[in-house]
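Below: the structure, in structure tokens.
Derivation of every value follows stated rules applied to the coordinates shown; laboratory data play no part. Here the structure is a predicted model, which means the values were calculated and not measured. Glycine gets a Cβ as well: all are built from the backbone with ideal geometry, and neighbour counts include every protein chain shown.
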């Protein structure tokens, strides 16, 4: 999940921003968002039976 | 902001040609347009994600019109361009359904292709002066 989030965040950030500083900021926010939502969804779905 | 020196220098090149290059080699469109930093990132990241997906025993889906979801996955796989064609030629991407990492591999391969489609669209926007 971390590798996937990192790859997608980097590509999105570079696509959506032109300045390296903005790219870094957006990439960090996207990465944190992906990982955070991934963990949250994992916990929310945990009680559900397969 | 189309008024960059790189944008002006590359104006005679057809945007469709740029898109074709960007599809075949991820990042090539941006490199052609003089966007070196973006081009290198787009060359490395989707290609590595694609290779990682194959390493995780993901599958390159076949074009099966009778199975719409499989056909869509095949289209997404194809989005990465040359790496897909090379993997096909080398017999990679058979996928092993019983592998623990099979679905993770599929996700990496599919998303790498879709990311490159976004990169191609961005190259088109850049080539036509929309960005």
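For region B:17-72, the equivalent ellipsoid built from the Cα gyration tensor has semi-axes of 27, 16, 6 Å, listed from largest to smallest. Of the residues A:46, B:104, B:84, the one with the fewest other Cβ atoms within 10 Å heads the list, and the complete ranking is A:46, B:104, B:84.
Helix A:20-45 axis versus longest C-alpha principal axis of chain A: approximately 0°, rounded to the nearest ten. Our Cα-only numbers for region B:35-131 put the radius of gyration and Dmax at 14.2, 48 Å. Taking chain A as the reference, fit the longest principal axis to its C-alpha atoms, fit the long axis of helix A:2-16 to the helix C-alpha atoms, and give the angle between the two in degrees, 0 to 90, nearest 10. So the helix axis and the longest Cα principal axis differ by about 40 degrees. When shorter helices are ignored and each DSSP H run of at least 4 residues is given -39500 (n - 2.57), the per-residue value for the protein assembly as shown at 222 nm works out to -22500 deg cm²/dmol. What does the C-alpha gyration tensor say about the overall shape of chain A? Classify as rounded when a/c is under 1.5, otherwise prolate if a/b is larger than b/c, or oblate. Judged from the Cα gyration tensor, chain A comes out prolate (a/c at least 1.5, a/b above b/c). In terms of surrounding Cβ atoms within a 10 Å radius of their Cβ, B:14, A:9 rank from fewest to most as B:14, A:9.
Cut-off is 10 Å between beta-carbons; in what order do B:124, B:108 appear when sorted fewest neighbours first? Could you put the intermediate results ahead of the total?
Numbers: B:124 17, B:108 25.
Lowest to highest Cβ neighbour count: B:124, B:108.
Against chain B, whose longest principal axis comes from its Cα atoms, helix B:36-55 is set at around 10 degrees. Separation of region A:1-45 from region B:72-131 is 19 Å, based on Cα centroids. First check a/c for the protein assembly as shown, with a ≥ b ≥ c the square roots of the eigenvalues of its C-alpha gyration tensor; if it is under 1.5, answer rounded, and if not, answer prolate when a/b is larger than b/c or oblate otherwise. Oblate is the answer for the protein assembly as shown, as a/c is 1.5 or above yet b/c matches or exceeds a/b. For region B:56-96, the equivalent ellipsoid derived from the Cα gyration tensor has semi-axes of 17, 12, 8 Å, listed largest first.
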